[in-house]
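Presented below is the structure to which this report refers.
The values are calculated or read from the model by the stated rules, or taken from the named source; none is laboratory data. Since we're looking at a predicted model, the values are computed, not measured. Cβ placement follows ideal geometry from the backbone for every residue including glycine, while neighbour counts extend to all protein chains displayed. All accessible areas refer to the heavy atoms of the entire protein, side chains included, with ligands and DNA or RNA removed. Shrake-Rupley method; radii C 1.70, N 1.55, O 1.52, S 1.80 Å.
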Amino acid sequence: MAFLGYIANYTGPWRGYGIWLVIDLVGIAGSVGIASFSGVGPGARAFAIRLAMAFLLFIAFGIFCSVVLGHFGPRQTLVFWPVFSMLFYALAGLWFGYAFIVIALCTSALIVTGYFYAAGPALLLWMAVVHGGALLLGGLWMRRI
């Protein structure tokens, strides 16, 4: 989904906020839906509720940091959210395998490199490959564990 979001944002930059709102809502709904319907046992529904609450906390904290504390412009916002999400990949790596830590650190380094060296709309294409690819790699790795 992130790959599609970056490509859509590249083709219509004036619709960026709307594009990302839809991408994020679909991603969250899909994650909570998968957690709700794939779990077995009495704790499965509680996990889905906790997951939804975790997403809300993640979004609230991210908005607080990027809007209230940081006053980020569009370019900084484009980089902040993926790096922020990679923090949680790294934390997941503490429990689910060091591969997630490696994915998070490499992705964050590539994102920051793109921020400083990719000019204009090229940053969106860079992010599509780097962030979208990292999420795909992480998803494939999750199927393995």
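Numbers for the structure displayed
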read-out	value
Qualifying residue in the range 101-112 (condition: in a helix (DSSP H, G or I), at pLDDT 90 or above and within 24 Å of residue 14 (Cα to Cα))	yes
The range 103-124, subset under 15 Å from residue 139 (Cβ atoms) and not polar (S, T, N, Q), residue nearest to the chain's Cα centre (by Cα)	104
Selection from the range 113-145 of residues that are free of Cβ contacts under 8 Å to residues at least 40 places away in the same chain and not in a helix (DSSP H, G or I)	118, 119, 120
Filter result for residue 75 (part of a helix (DSSP H, G or I), touching a residue at least 40 places away in the same chain (Cβ under 8 Å), among the charged types (D, E, K, R) and open to solvent by 50 Å² or more (accessible area, probe 1.4 Å))	yes
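Yes or no, residue by residue, for (1) within 24 Å of residue 116 (Cβ to Cβ); (2) open to solvent by less than 70 Å² (accessible area, probe 1.4 Å); (3) without any contact (Cβ under 8 Å) to a residue 40 or more places away in the chain; (4) in contact with a helix residue (DSSP H, G or I) (Cβ under 9 Å, 6 or more places away or on another chain):
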| site | (1), (2), (3), (4) |
| --- | --- |
| 2 | yes, yes, no, yes |
| 25 | no, no, yes, no |
| 31 | no, yes, yes, yes |
| 80 | yes, yes, yes, yes |
| 89 | yes, yes, no, yes |
